[in-house]
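Notes for the one structure printed next.
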Amino acid sequence: MDIFQQTETLLKEANETVIANADELEKFRIRFLGSKNVLKDVFAEIKNVPNERKKEFGQLVNSVKQAAEEKFNVLQEKFQNNSDASAEAIDLTLPGDVTTLGARHPIQLVKNQIIDIFKRLGFAVQEDREIEDDWHNFTALNMPEDHPARDMQDTFFVNINPDVVLRTHTSSVQVRTMENQKPPIRILSPGRVFRNETISARSHCFFHQVEGLYIDENVSFADLLQTLDFFVKELFGKDTKIKLRPSYFPFTEPSAEVDVTCFICGGKGCNVCKYSGWVEILGCGMVDPKVLENCNIDTKKYSGFAFGMGVERITMLKYQIKDIRLLSENDTRFLEQFKSAL
């Protein structure tokens, strides 16, 4: 067999060889395209080919190489696609994966309940920034720089600018609303607040509040009492009673603390209410005219009331949680207990 016949045989082999899998394809690659492929020995015989046929011979060798390369590329892509499809195939005979259901956080559960109740009374949710300036967090709320009430709230100040603080209450949202919206105003401002306190079972350096504000003509303390009475009955049950105790807040006058009959013992006395039959849940009062004036609201025409509550406190009372730190540690063993409350 001369060199031309030998090369044509290789061309036929390259075109007609049946390759069934990736292993056979690799053997094909080594034979025709590897570093020691058969074409190298064949091409070395070009020196024995007559000069007038050297070009013809070179073209024939190239045809073998091109046929081998084309076949290799096509089959390589085919086997790769088959491999990917096999890897992604779903075996319908396998048992299904167990899906673990999550649960809403108890703070979120309680906050949603509070918001839902006040929405039914016409309160709109208003949220704003957690990093505040001194004016909106203190001064506009009737707490000038020398006011002793500032000592009631241990504040996180930003060192590079002492006029910037982490808000200590969501009352700052109410100030911004009063500055930018004309009465009537009826808003609820839920959110996270910060205070520089020692972390313990009863206190934390951050917690959540929900504060309400209602400003309109002829708003009275009776309106506040009726609003809060409706709220506690919806949240804790229709048999819940309400009691107001005189208190002090710089931004309301008169001010009061709100107690409700213990929803654990029904007012009979237990360790939750310290055997008094009452538990404190929030603070409230009529908005101080000075606060309204700071926000350019006509105090001769408008009046209003405000209230605020700590969501953690109500959550701990409602679910009898004894350590506030459990609410921020993300321990799934603790959180899974609230799945039934979804």
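The values are calculated or read from the model by the stated rules, or taken from the named source; none is laboratory data. Because the structure is predicted, anything quoted here is derived from the model rather than measured. Reconstructed Cβ throughout: ideal geometry from the backbone, glycine too, with neighbour counts over all protein chains shown.
Numbers at a glance
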| item | result |
| --- | --- |
| Among residues of segment 296-336, those that are exposed (fewer than 13 other Cβ atoms within 10 Å of the Cβ) and part of a loop (DSSP other than H, G, I, E, B), counted | 10 |
| Flag for ALA201 being at pLDDT 95 or above and either small (Gly, Ala, Ser) or not in a loop (DSSP other than H, G, I, E, B) (or both) | no |
| Set GLU217, GLU234: member being modelled with pLDDT of 90 or more, more than 22 Å from GLU130 (Cβ to Cβ) and in contact with a Ser or Thr (Cβ under 8 Å, 6 or more places away or on another chain) | GLU217 |
| Members of segment 102-134 found to be of a type in the set (A, V, I, L, M, F, W, C), surrounded by 16 or more Cβ atoms within 10 Å (Cβ to Cβ) and not in a loop (DSSP other than H, G, I, E, B), listed by number | ILE107, LEU109, VAL110, ILE114, ILE117, PHE118 |
| Residue list for segment 256-289, restricted to those being out of contact with any Asp or Glu (no Cβ under 9 Å at 6 or more places or on another chain) and assigned to a strand (DSSP E or B) | ALA256 |
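Conditions (1) out of contact with any strand residue (DSSP E or B) (no Cβ under 6 Å at 6 or more places or on another chain); (2) aromatic (Phe, Trp, Tyr); (3) in contact (Cβ under 8 Å) with a residue 12 or more places away in the chain; (4) within 20 Å of HIS208 (Cα to Cα), marked per residue:
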| site | (1), (2), (3), (4) |
| --- | --- |
| PHE251 | yes, yes, yes, yes |
| LYS268 | yes, no, no, no |
| ASP298 | yes, no, no, no |
| GLY308 | no, no, yes, yes |
